[in-house]
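Undergrad: One structure is given below, represented as structure tokens, and several questions about it will come after.
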Amino acid sequence: MRRLILLTLPVLLAACTQGGDLQGVKTFQNEGGAHQPGRIAYEQTPPAGGAHNPSWQNCGVYDRPLYDEYAVHSLEHGAVWLTYKQGLPTSEVLQLKEVVAGRPYTLLSPHETQTAPLILTAWNAQLEVQDVNDARVKTFLQKYEQGGEAPEIGASCSGAYNGTV
């Protein structure tokens, strides 16, 4: 009897820790589908949805800032955008690159106006963290990459715009 309890306990604990609400996540009410060329003024920095360029940003790792308008279109497709403060130590940027390695619906880039060390953004959801090792980083990715409120989950995150600021 004791063996059964010990073997099932880790399964129960794992089930309880997945999918719970993430502390510190801010949510917004942006509508999808509004394509607009040119620069757009957003209410959030980095933006968590709203009007965006007709082309999406190819998901991947970038060493230079991205245009918000293209990245927002990727968010609409279910991507998560990890942005870091310019000047973040190289060792921490390398850690972030490891976190997104093999994840096809992520963007990683510095953000020009960001003051927090790291911000994770999905469509209508955003989490600011002070430490790249924060456990909420992976949990946010699990919850929002191809999930959450993204209006066009499953739409492509490649074959479009690949430029930087």
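Readers should treat all values here as calculations from the given coordinates under stated rules, not as data from a laboratory. Please read these numbers as outputs of a predicted model, since none were measured by experiment. Neighbour counts run over all protein chains shown; Cβ positions are idealised from the backbone, glycine included.
Undergrad: Compute the signed sum of charges (Lys and Arg +1, Asp and Glu -1) over the other residues within less than 15 Å, Cβ to Cβ, of Lys97.
TA: That sum, taken over residues with Cβ under 15 Å, equals 0.
Undergrad: Rounded to the nearest 500, what is the 222 nm mean residue ellipticity of the chain from helices alone, with -39500 (n - 2.57) per DSSP H run of 4+ residues and division by all residues?
TA: Only helices count here, giving -8500 deg cm²/dmol.
Undergrad: If you don't mind, another one. According to the Cα gyration tensor, what semi-axes, each the square root of 5 times an eigenvalue, does the equivalent ellipsoid of the chain have, listed from largest to smallest in whole Å?
TA: 30, 18, 14
Undergrad: Here's another thing I want to ask about it. Can you spot the aspartates and glutamates whose alpha carbon is less than 16 Å from Lys138's alpha carbon? Ignore those fewer than 8 places along the same chain.
TA: Asp21, Glu92, Glu98, Glu128
Undergrad: Share of antiparallel DSSP beta bridges in the chain, in percent to the nearest 5?
TA: Rounded to the nearest five, the antiparallel share is 50 percent.
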